[in-house]
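These notes are about the structure you will find just below.
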Amino acid sequence: MNHRLMPSQAEYFLSCSCRQRYGPLISTFETAFGTKVAGRPGRKQPVDESYMDLMDCIEFTRRMDDGINPREWGEADLIIVGPSRAGKTPLSFYLGLRGFKVANYPIVIGEDPPPELFEWPEKVIALTIQPERLSFIRQQRMRQFGR
């Protein structure tokens with residue numbers, strides 16, 4: 001991902017080759033999107049109530065990752081459960097970025113789930129995965145740690 005770091009006047013004073021490096025790319029974007037670079041820093045995203053609501057969803061999802069804070073799960077829109085490495089966290093954050101408050105909990109053999117999980121059965125979504133695929137993902141993960 002590329003973005004404009006500074007206006008062309010600053011590029012000139014800093015004697016950097018940013019214009020040569022990014023100029024063609026920016027021109028391609030300008031043509032593709034039918035717009036011109038303003039040449040000044042600024043925010044595109046307004047910081048309004050809907051933006052703050054979205055940030056609340058993202059922060060809630062971060063705080064509820066991997067079974068943490070089950071006492072707050074009542075505030076969740078969804079509670080995703082499934083085995084470790086089934087994709088609960090990426091899915092949770094994907095949904096959090098789209099305005100859902102999401103908690104997730106790893107199902108672990110021999111460990112009783114917290115009682116809070118049973119308080120909101122209408123919010124619980126279970127992820128499944130083929131055992132062979134799960135085994136492959138876990139083996140790859142262990143290789144990353146040199147095991």
For the pair Asp53/Ile125, report the inter-label distance in nm, with labels modelled 7 Å from Cα in the Cβ direction. 1.9 nm
If you plug each phi of segment 90-106 into the Karplus form 6.51 cos²θ - 1.76 cosθ + 1.60 with θ = phi - 60°, what whole-Hz ³J(HN,Hα) values come out, in order, with x for Gly and Pro? x, 5, 4, 5, 4, 5, x, 5, 10, x, 9, 8, 10, 10, 9, 9, x
Cross-link candidates for Lys36: which lysines have Cα within less than 26 Å, leaving aside residues fewer than 8 places away along the same chain? Lys44
With 0.36 nm assigned to each residue of separation and the Cα-Cα distance removed, Thr28 to Arg147 gains 38.3 nm
Which residues qualify? For Gly82, with a placed amide H closer than 5 Å and at least 5 residues away or on another chain, they are Tyr105, Ile107, Leu127
Mind checking which lysines have their Cα closer than 25 Å to the Cα of Lys123? Skip sequence neighbours fewer than 8 apart in that chain. Lys88, Lys101
For Leu54, the accessible surface traced by a 1.4 Å probe with all protein chains present amounts, in square angstrom to the nearest 10, to 50 Å²
Per residue solvent-accessible surface (Å²) - segment 46-98, probe of 1.4 Å: 56 Å²
If the label point sits 7 Å along Cα→Cβ of Asp77, residues of segment 84-109 with amide N under 19 Å come out as 88-105
Which cross-chain or sequence-distant (5 or more) residues have an amide H under 5 Å from the amide H of Val124, H modelled 1.01 Å from N in plane? Ile79
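The values are calculated or read from the model by the stated rules, or taken from the named source; none is laboratory data. Only a predicted model underlies this, so the values are computations on that prediction, with no experimental measurement involved. Glycine also receives a Cβ, built like all others from the backbone with ideal geometry; neighbour counts cover every protein chain displayed. Ligands, DNA and RNA are excluded from the accessible area calculation, which covers all protein heavy atoms including side chains. Shrake-Rupley method; radii C 1.70, N 1.55, O 1.52, S 1.80 Å.
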